[in-house]
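Derivation of every value follows stated rules applied to the coordinates shown; laboratory data play no part. The shown structure was predicted, so the numbers you read here are calculated from the model rather than taken from an experiment. FYI the Cβ positions are ideal-geometry reconstructions off the backbone, even for glycines, and counts take in every protein chain you see.
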Amino acid sequence: MQPRAAITSAGGGLVITSSSELEEALRGGAVSGAGEAVNAQTAMRVAAVYACVRIIAGAVATLPLQIKRRVNDGVREDASDLAISLVLNRKPNIWQKPAQFKRMMQAHVLLRGQAFALISRDASGSVVALIPLHPDRVTVKQLDTLELEYRYTRKDGRLLTFTQPEVLHLIGLTLDGINGVSPITYARETIGLALAMERHGGAVFRNGANVSTALKHPGKLSQEAHASLREGMSEFRNGGAREGETIILEEGMSLERMALTAEDAQWIEGRKFSRSDIAMFFGVPPHMIGDTEKATSWGSGIEQQSQGFVTYTLEDHLTMWEETINLDCLDPTRNPGVYAKFNRNALVKGDLKSRWEAYVKAMQWGVFSPNKVLELEDENPRPGGDVYYDPPNMAGGSQGNSLNEPA
């Protein structure tokens, strides 16, 4: 089946179907308690939000996504000859590259809770293209048969309906099992506060209200002298780079440097708290978005936080991709034993040493055989690799070989 001719672009847009949606659109998004409109577009203006989305989406986009075939319990083989492998790793559609497609779809999940792509199949039923659909223009409905129905609104207003087998549907955290929960919805107050702080800071610096120095005069300046001094100071500030130059003061005037006010200090601390809260919503360690104040060091503390990001945050997204591709794009009847799997070794290269040290100890104590290690690494077994070595310093033990002896 070729993609429907109506689907030619994944551009953005907003479908308005109710008065409340119209009001929200006119306001620019849901308004937070800080008075800022917060939606996917405005949230990305916050540095912490942009960094979290960039880091997670980039990790998913650059990780190799492999299509493999399970021959038996211990043997796997590459299934890159299948059309779905070419779509995911070579050409998802006629205008996007694989990393670009995965990065965009993951960003949709992070900002809107879900992502959609129309599945295009050839006459044999093989997937030949994945055409992204903007989530703002897709609504999901569960039918009485419990199957899902997708309604997509084109830019010209035409409504198209797709069945569940026609759509690749990535869902993050969900409360109803049908629609994903957008982190922006629940982080609206935190993000709105960050936007308000940014707006306040810009206004302060634009208007010069944050005074760092003061001129002190022993007497009282006349109106003409005050205007002349103000004009001279404005000319000095606006005349280009003045770092290191000296200003000439007359009539006994002195220059005093102003200390940071309590309001300024509170504003700076508030920005730090907002940044940490946003990182918590996305599950990104603060040090990965530039907040290293609370990290123990650049040593073991940072490494443990990074490993926690892989284990508790990124693994969730990778599993979402794998399960969705397996269910929506792979036919177990036509291709039994075929599955999608990210090669996580490409991401945690720095942990290869620790992982292989653990494997060696497992083999040394007879817990794993070499083929068990190969299985855990998603590699094929080797002849004679099913032997379990005797633990060291153990009396007897004639069934296995020493780790240092050939099998």
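Which pairs in the list Lys68/Lys141; Lys102/Lys361; Lys97/Lys155; Lys97/Lys361; Lys91/Lys372; Lys91/Lys353 are over 30 Å apart, alpha-carbon to alpha-carbon? From the list (Lys68/Lys141; Lys102/Lys361; Lys97/Lys155; Lys97/Lys361; Lys91/Lys372; Lys91/Lys353), the Cα-Cα distance tops 30 Å for Lys68/Lys141; Lys102/Lys361; Lys97/Lys361; Lys91/Lys372; Lys91/Lys353.
Full extension of the chain segment joining Leu327 with Ser80 gains 87.1 nm, where the gain is 0.36 nm per residue of separation less the Cα-Cα distance. The order of Val49, Val140, Val87, going from fewest to most other C-beta atoms within 10 Å of their C-beta, is Val140, Val87, Val49. Label sites at Leu376 and Asp136, each approximated as a point 7 angstrom past Cα along Cα to Cβ, lie 4.7 nm apart. Residues whose amide H comes within less than 5 Å of that of Asp378, counting only those at least five positions distant or on another chain, are absent (H built at 1.01 Å from N in the peptide plane). From the Cα gyration tensor of segment 44-203, with a ≥ b ≥ c the square roots of its eigenvalues, which class applies: rounded if a/c is under 1.5, or else prolate if a/b is larger than b/c, or else oblate? The shape class here is prolate. The local environment of Gly337, defined by Cβ-Cβ distances under 10 Å, has a net charge of +3 under the rule Lys, Arg +1 and Asp, Glu -1. What FRET efficiency comes out for the pair Arg158/Glu231, r = Cβ-Cβ distance, R0 = 60 Å, nearest 0.05? Step by step, r from the Cβ atoms, then E = 0.45. Going from the residue with the fewest nearby Cβ atoms within 10 Å to the one with the most, Ile171, Ile131 rank Ile171, Ile131.
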